[in-house]
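Below you'll find the structure, written out as C-alpha cells, and then a few comments.
A short reminder: the numbers here are calculations on the coordinates, not readings from a lab. Keep in mind that what you see is a predicted model, and the values were worked out from it rather than measured. Cβ atoms come from the backbone with ideal geometry, glycine included; neighbour counts cover every protein chain shown.
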C-alpha cells in the first residue's frame, strides 16, 4: 500500500472533471491533469474520481493508474532523476550509474523517493539521445556520458546547493 | 434446412447451432466439454485463461488454435478439442499457473472443489518445471463474509467481471504484467472497502483465492458444549440447493431433510426463516399500506437484502428513508428467538442460548454484525451465520447420509411457514408475498389467484401493475445492484412511477446467493432452484403470510398487531450513512 497525506483541493479536481465532461473515456487525461498539479496521483484524488464518474470505481481508477508507467503513486522529489536504460545506454553502463544514485540517496527498487523528498528516481526506456549514452536527466537538464563518479559529483553539487539555501 | 439452423463439426460429429454466443456453448450443447477457468456463462467472455483452446479447421483448409469461449460459431468449421497441440497448451497453462500459486491445497478451503486442482489432476500435472514461489502476500481476513488470498489467484478475472457486471466494481485489476493483482482500491482490506459482501466473487472464483469466511468450527464448539443450547434457523433458498452437495437435483425441496440433519448434528431447536419471512410480510405489507395511505416516503424499498442495504447506505445515504424499517427475516427471527424462546423452553436461558442461522448469503454474516443487530451487551443477536455451503460441509463431517435421511418437522413455535414466505428466495418473491397480504389489508378480502406470474422469473427487471380493487399499485422488481442503481437514478430524476421497489443484489435473488453450493458452469441451476421454491409455494398448506398459524399465535400472544409498539422494538431497525468509511466526498 502506498499512503498519502497530501491535502487535496477537490474543487481543482472538479474543474478537471468538468473539463472532460465527467466522461470515463477521458480518464487517462484526467489523471494526467491531476498529476500535473500534485506531481503524483494522491490516493484520495483517485478515490474521488472513481466515485464521481459513472461506471468507474476507485478500484478501476487505481487499476488504470497502476497500469501505466507514466503515473506515479508516490510523491516525486524536487529533482526528478530519469536514468535512461535503453539499449544504447544499457550497454554503455547505465546500471552502474543507477546503482551509484541508489547508494548515494539510499533508495532501492520499490523506493523511488529519497527520505528528504528532494530526489526521486526512475528508469526510462529511451531519451532519444543515444549518441550521448549513458544519459541521465535531472528535471529538464540532460547529463550526457555519465559514470558513477560523474553522477556522484552532480548529486553532491545539488545537495550542497540545497544545504546552502 | 432453414436459415437459422447451421451446422459445424466437433470431433467429426455434425452439430447444429443457432444463436449460441460462442463456440464453447455449442461444444457443451453437443454434450462435450473443454476445461476453462475464466468462462462463466452469465458473465462477459474474457479469454484470459487459454484453457478452452481448440483446433479449428476452416472449409478452405486453414487451421488455427482459438479460445472457444471468445470465438463465435461458424458454419462448416471442423473443431478438434483434444489434439496434441491443445493438450500441450493446456498443460503449459496449468504448469505456469501452478508456478505462481502457493500450492497449499491440503489446507485450502476449496480443496476438493477447486477447478485448478481438478484440471491439474485430469491433465496429470505431476511436476512443475519452474521454481516454487517463496514471496507470499498477506491474506485478507478482515471481512466477515469473504476471505481474499492473493496467493491462490490465477487472474482469470471472473470476480472482477462479477463485481462490475452485477454490483459496483469493488474488485479491480491493479498493476501490470507479473505484478498484476486483483484487489479493492489500493489493496484496502475488504472490510473497509465499499464491498457489499454479496459473495458473487467467491461464487465464480475457480480457486481458493476468494472463499467464504467460515464459522463452522465456532458453531461446532457451541454444539459440542453441553452447557449451551443452540437454536438454528435456515432460509428459504437453502432448502432447494443444499441437495446439490449430496447428489440431489437442483431445486429438490429438502426442508424436512434439513430439519432432520440439523437435529442429527446436534442443534437443540430448529426454526424456519420462512416463518419470519411471513412475519416480515406482516410488518412490511402494513408499513407499505400505511405509507401509501398517509403519504409516507415512496417508493418503499424492500430491506431483506443486506448487500442492497449496505449499498444504499454507502452510495445513497440520502435515500435510506425509502427503505422499509423492517429487519430482514434473519434479523426478525434472531430478535424473536432471543426474546421468546426462553419463555417457551425452560432449559433455555438468555445466557445459554446460542443463535445460529443458515443462509444462502455471505452478506448475512455482515448483517448479523451490524451495530443495529447487536444487543445491549454488545453481542450479536445472531451469534453465527453459516452459508448453505458451510452447512453441507457440517453434514458431511457429521457422517450423515443426507440423501437417504428421513425428514423431520421444524420446532414450535416458529417452524410453520406459508408459500409466501418460501418464495422470498427468488427475485420478485418478496413483492408477490407482500401483494397477497396487502390485498387483504386494502380490500378486506382474500386474493383468490395468488400467483402473480409477471413477478416471477430470475430475469433482472420486472415491472408489474396491480389493481387492489380500484387501488392501483405499481411495483418494480430488480436484481443486481447495477439495475438497482438505475432505479435510484429514475427516482432522483422524478421519473419513477412505482410505489414499491424490490431489490436483491444477487442475480436471480437469494437462490443464487454467494453462499450457495458452487454452480460455476450452469446458469440453469438458478432457474431450477427458483422452480423448487415455486413448487413449495404451490404445494404447501397455506399461501398467504397472514394465514400462518404460528404468525397468528405470535401476534395474539406477544406482538398485538403489525407495526405495534412491541413489533417496532423487536422487528424494525434503523440505517446510517456509511459513506465516510469509504468515500472522499463524504467530507465535503
Next item on the list: For the stretch A:10-67, calculate the relative contact order in percent as a whole number, restricting contacts to Cα pairs under 8 Å that are 6 or more residues apart.
Entry: 30 percent
Item checked: Length added when fully stretched, residue A:126-residue A:148, from 0.36 nm per residue minus Cα-Cα -> 6.0 nm
Next item on the list: Give the order of B:9, B:173, B:275 when sorted by the count of other beta carbons within 10 angstrom, beginning with the fewest.
Entry: B:9, B:173, B:275
Notebook entry, point to check: On a 0 to 90 degree scale, rounded to 10, what angle separates helix B:306-315 from the longest Cα axis of chain B?
Noted result: 90 degrees
Check: Rounded to the nearest 500 deg cm²/dmol, what is the calculated helix-only ellipticity per residue at 222 nm for chain A, with -39500 (n - 2.57) per DSSP H run of length n ≥ 4?
Finding: -14000 deg cm²/dmol
Checklist line | Cα-based helix-to-principal-axis angle, B:481-492 vs chain B, degrees rounded to 10 | finding: 50 degrees
Checklist line | Distance between the stretch A:119-160 and the stretch B:407-471 - C-alpha centres, whole angstrom | finding: 74 Å
Check: Cα extents of the stretch B:6-82 along the three principal axes, largest first, in whole Å?
Finding: 31, 23, 17
Check: Rounded to the nearest 5, what % of the DSSP beta bridges within chain B are antiparallel ones?
Finding: 55 percent
Notebook entry, point to check: How large is the convex hull of the Cα atoms of the stretch A:34-125 per residue, expressed in Å³ as a whole number?
Noted result: 103 Å³
Margin query: What is the ratio of the Cα radius of gyration of the stretch B:451-588 to 2.2 N^0.38 Å, with N the residue count, to two decimals?
Written below: 1.32
Next item on the list: Assign one of three labels to the stretch B:263-340, namely rounded, prolate or oblate, based on the Cα gyration tensor with a ≥ b ≥ c the square roots of its eigenvalues; rounded applies when a/c is under 1.5, prolate when it is not and a/b is larger than b/c, and oblate otherwise.
Entry: oblate
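Based on the Cβ-Cβ distance of residue B:565 and residue A:28, what FRET efficiency does E = 1/(1 + (r/R0)^6) give at R0 = 56 Å, to the nearest 0.05?
For residue B:565 and residue A:28, the calculated efficiency is 0.45.
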Item checked: chain A: Cα Rg divided by the 2.2 N^0.38 Å rule of thumb -> 1.17
Next item on the list: Could you work out the mean count of beta carbons from other protein chains within 10 Å of each residue's beta carbon in A:45-58?
Entry: 5
Checklist line | Global form of the stretch B:201-277, assessed from the alpha-carbon gyration tensor, a/c cut-off 1.5 | finding: oblate
Check: Which value in nm describes the separation of the simple spin-label points at residue A:21 and residue B:379, placed 7 Å from the Cα toward the beta carbon?
Finding: 6.0 nm
Next item on the list: Would you mind ranking A:158, B:312 by Cβ crowding within 10 Å, fewest neighbours first?
Entry: A:158, B:312
Notebook entry, point to check: In which sequence would B:498, A:68, B:340, B:166 go, from the one with the fewest C-beta neighbours within 10 Å to the one with the most?
Noted result: A:68, B:340, B:498, B:166
Notebook entry, point to check: Between residue A:55 and residue B:179, how many nm apart are label points set 7 Å from Cα along the C-beta direction?
Noted result: 2.9 nm
Checklist line | Equivalent ellipsoid semi-axes - Cα gyration tensor, the stretch B:339-449, angstrom | finding: 29, 22, 17
Next item on the list: Using only the Cα atoms of the stretch B:92-212, construct the convex hull and provide its projected area averaged over every direction, in square nanometres to one decimal.
Entry: 7.4 nm²
Next item on the list: Can you bin the stretch A:10-67 into rounded, prolate or oblate? Criterion: square roots of the alpha carbon gyration tensor eigenvalues sorted a ≥ b ≥ c, rounded for a/c under 1.5, prolate for a/b above b/c, oblate for the rest.
Entry: rounded
Next item on the list: Pop the C-beta distance of residue B:92 and residue B:412 into the FRET formula with R0 = 56 Å and round what comes out to the nearest 0.05.
Entry: 0.40
Next item on the list: Compute the acute angle (0 to 90°) between the alpha-carbon long axis of helix B:329-344 and the principal axis of greatest extent of the alpha-carbon atoms of chain B; round to the nearest 10°.
Entry: 50 degrees
Check: For the residue pair residue B:58 and residue B:451, what label-to-label distance in nm results when each label sits 7 Å from Cα along the Cα-to-beta-carbon direction?
Finding: 5.0 nm
Notebook entry, point to check: Viscosity 0.890 mPa s, temperature 25 °C: Stokes-Einstein D of the stretch A:79-164 from its Kirkwood Cα radius, in µm² per second?
Noted result: 193 µm²/s
Checklist line | Evaluated at q = 0.06 Å⁻¹: base-10 log I(q)/I(0), Debye formula over Cα of chain B | finding: -0.32
Notebook entry, point to check: Distance from the Cα centre of the stretch B:326-396 to that of the stretch A:30-77, in angstrom?
Noted result: 42 Å
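Can I get the semi-axes of the stretch A:103-151's equivalent ellipsoid? Compute them from the C-alpha gyration tensor as square roots of 5 times the eigenvalues, in angstrom, largest first.
Working from the Cα gyration tensor, I get semi-axes of 21, 12, 10 Å.
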Check: Radius of gyration and Dmax for the protein assembly as shown's Cα atoms, expressed in Å?
Finding: 29.7, 95
